[in-house]
Structure formats: structure tokens, C-alpha cells
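Before any comments, here is the structure.
The values are calculated or read from the model by the stated rules, or taken from the named source; none is laboratory data. Small disclaimer: the values here were computed from a predicted structure and weren't measured. Neighbour counts are summed over all protein chains in view; Cβ atoms, including those assigned to glycine, are modelled from backbone coordinates with ideal geometry. Accessible surface areas use protein heavy atoms only, side chains included; no ligands, DNA or RNA. Shrake-Rupley method; radii C 1.70, N 1.55, O 1.52, S 1.80 Å.
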Amino acid sequence: MQPLISIRNISKKLGSNTILNDLSLDIFKGELLGIVGPSGAGKTTLLRTIIGYYNITSGSILYQEKDISKQRGVIQKVFGYASQEGTLYEDLTLRENIQYFGTLYSLKRKVIKERMTILTKTVGLENQLDKKIKEYSGGMKKRAEIAVALLHYPEVLILDEPTAGLDPATRQSIQQLIITLQRSGTTILLCSHFINELEPVSTRIAILAKSKIIAV
């Protein structure tokens, strides 16, 4: 089977530090690939190189055999990314955040409205649209991030520690949401410090340590 994304011998340096070193990994269409590793292993850096936020020092990342570094316009359309730190504007409501990010994706107002209805219902926030993000609980913020990351209907959804710091019940609800999205056909990359969080949901798990994928 031809991989959807092919990461070939990439290295990434930040200053004098080598964060990723000769790392290779294939990601297949429709799978839920878990990526696990300790703090400082390079998980977030790997995700950010895939979406083009970081330029790689060497190697290549191919999407459908096309070099991502030369296809910046493709990246924006294909990938949805929910970061661990959060990207939503805290002083805006979820409705306002969705409207703003929708314009960044060049979506028409009617399309934004339609997808807002669908996605907020999907993540269970349809009754919280006019509440400011800063008033949300931790779990609500994570679900809001996922809704916005899905706004342009990306083929690949990348989630960096989406259950970090959440209570067990909220963590389970986020995991169930992720499973539902993967079963609907979305390819998902899911990062975590804990392999026991990835095992129930992942089709495969890549183990990242010492700046490399050491096992899949």
C-alpha cells in the first residue's frame, strides 16, 4: 500500500540542538497513528515539521509523493492541527473563533455557518457557541480546538497531547470523539506521553526516542 505521507530520513536542528535525527515514518490513509515518547523526544517538533511550521534541516516529507516543502498551499488545505498549547483566542467566543479561522481558510460565510453547526454538535459544544473560550473548562477547550482544526474538512488531523491534564471522564470522551473521527475516514496523528492512552484507539503506534522512531 502506498503511504499517504512518507517521511524520509529527516533531521531538524534548533540552534545547536538536534531535535530529530535521520527519522523515517510512513503514514497510511485512514489510519489512527499514535506517536509516543518521553518529554523532549521531539514529538511536537515532528508534528510541526509535517504541517510545515518548521523547515527540516535535511531529508524529505512527501504527501501523495509530492514534496510538502514545495506544496505550501496543499498543506493548508490537507492538514488540520490542534496544538497542545491551544491556538484559539481566549477573549472571543467559539462562534467568533470559528468565523475568524473560517476566513483564514477562505471559506464562504454560508459554508462556515453550516460547518459550525455540524462540528460543534460533533464535539458536543453546540450550546456553548457564545461563551468566551476563557470561560471554558480544560476539556471544552480541547474539544473546541478539534472543532476548529476540522473546519476546512482536512484529510489529515494532527492532535498534540489532546488529553493532557484532563480528568479520566473527560479524557475518555475526547478519545471516543477521536475514534469517531477516524472511523469517518479522517487520517489522524495522535501524540501522547503515555502508551496506555494510545493503545485503545490507535491502529499503529510509533515510539519516538533519542530523536528517532525506534519501533512501530
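Remarks
- Cross-link check: pairs Lys13/Lys77; Lys12/Lys66; Lys43/Lys77; Lys121/Lys142 evaluated at a Cα-Cα cut-off of 24 Å; pairs beyond the cut-off: Lys13/Lys77.
- Working value for segment 65-152: equivalent-ellipsoid semi-axes of 24, 15, 11 Å, each the square root of 5 times a Cα gyration tensor eigenvalue, largest first.
- Charge dipole (debye, nearest 20) of segment 107-177; +1 at Cβ of Lys and Arg, -1 at Cβ of Asp and Glu: 400
- Given +1 at the Cβ of Lys and Arg, -1 at the Cβ of Asp and Glu and no other charges, the dipole of the chain around its Cα centre is 500 debye to the nearest 20.
- Surface exposure of the chain, expressed per residue as accessible area with a 1.4 Å probe, stands at 50 Å².
- When the Cα positions of Tyr63, Leu33, Thr103 are compared along the charge dipole of segment 18-125, Thr103 comes out farthest toward the positive end, with charges on each C-beta of Lys, Arg, Asp and Glu.
- Only Lys, Arg (+1) and Asp, Glu (-1) charged, at Cβ; segment 133-215 dipole about Cα centre in debye: 120
- Of all DSSP-defined beta bridges confined to the chain, some 50% are antiparallel rather than parallel.
- Expressed as a fraction of 2.2 N^0.38 Å, the value expected for a compact globular protein of N residues, the C-alpha radius of gyration of segment 133-200 is 1.07.
- Both radii were evaluated on the Cα set of the chain; the Rg over Rh quotient, with Rh as the Kirkwood radius, amounts to 0.96.
- Among Ser211, Ile158, Ile178 - extreme Cα towards positive end, dipole of the chain, charges at beta-carbon: Ile158
- Rounded if a/c under 1.5, otherwise prolate or oblate - segment 1-89, Cα gyration tensor axes: rounded
- Sparse packing (at most 13 other Cβ atoms within 10 Å of the Cβ) combined with a DSSP loop state is found for the following trypsin sites (Lys or Arg not before Pro) in segment 101-193: Lys108.
- For the listed peptides 27-33, 47-53, a ranking on the average number of other beta carbons within 10 Å per residue, highest first, reads 47-53, 27-33.
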